[in-house]
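Here is the structure we will look at.
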Amino acid sequence: MISLRYHVVSIGAVFLALALGVLLGSTTLSDSLLSGLSGQKDRLGEQVADLQTQRNALHAQLGDADRFATGVGPLAVRGLLDQRTVVLVTTPNASQSDADGLTGLLKAAGAHVTGQLQLTEAFSDPNRADQLNSLVTRLIPAGAQLPVASDAGTLAGGLIGDLVLLHRTTGAPQATAAERSAALAGLASAGFVKPVQQLQPAQLAVVLTGGAQAGPSAGDRATMLARFATQLQKSGAGTVLAGGAGSATGSGPVGVVRADDSAGSILSTVDDVDRAAGRVVTVLALRDQSAGRPGAYGTAGNASAPAPQPAAS
């Protein structure tokens, strides 16, 4: 006869067997899972190492290209701007090393750089646009006319164009030395430009900027600078807006110009001035711009070509 004790022992054995089975099964599953994850980790590590190797190789290639462009740049631009005068206008995020490199190339091209006007953060600040507009209307030289516009970028471009650029057809100054000095001092006193020691009006201008604008008002700042550079083009014999990586995006001045057909059809832009080759292209673009041939150059997707076409012989 099967006793109650036998039933209890049998049931206990069944539950013990189930518990051991679950334990053994989970241990096997965990080992398999851990082994699979470990394999994936190893493969991802290999992919990361490959990508780092590729990145280092690309950086080395860029370095070689920059050294080559730096070496041949002065030869490539020699005489292209002979007897021409150029003024440099820089935004706060422009690199001084880019400004120095570009200045050296302009001189190698035969140009005389008449000075550098440095804009401040306040210049493109939308919260100070009304103050800038009011100041511009008070500082305009006698007999000069501001453009028919209400935005600060265009109005400031009209004033500064008269101060730092020669008339595009007559080649004459558009303001007296006293008017130029007083107006630039007024802009500096209000914090819109840095104090200027010596600056003479020039035939051509380069507006040098960095990458994309930053902050919640980035788009407004980019638009203001784009309109400013476009008005400079209308004020003199030629202007190029040159920016670094990121400048051709929607929050970069170069990108704003390229998105505006009316601006892009008259103003040349360069989007890789932070590379040695881009600075060479900026000089080439300025040569073409002075001859009435605007273009959008660089490495961004919205550029029309890496560089201007060689001039016809």
Cα-based reach from Lys107 at 16 Å (exclusive), listing aspartates and glutamates while leaving out same-chain residues under 8 positions away: Asp82, Asp98
Burial order of peptide ranges 199-211, 237-249 (average beta-carbon count within 10 Å, highest first): 237-249, 199-211
Accessible surface of Asp82 - all protein chains present, 1.4 Å probe, nearest 10 Å²: 90
Relative contact order of the range 156-246, defined on C-alpha pairs under 8 angstrom at six or more residues apart (%): 39
Part-to-part distance (alpha-carbon centres) for the range 178-227 and the range 232-274, which is given in Å: 15
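The values are calculated or read from the model by the stated rules, or taken from the named source; none is laboratory data. Predicted model, so just to flag it, every value in this text is computed and none were measured. FYI the Cβ positions are ideal-geometry reconstructions off the backbone, even for glycines, and counts take in every protein chain you see. The area values use the complete protein model at the heavy-atom level, side chains included, leaving out ligands, DNA and RNA. Shrake-Rupley method; radii C 1.70, N 1.55, O 1.52, S 1.80 Å.
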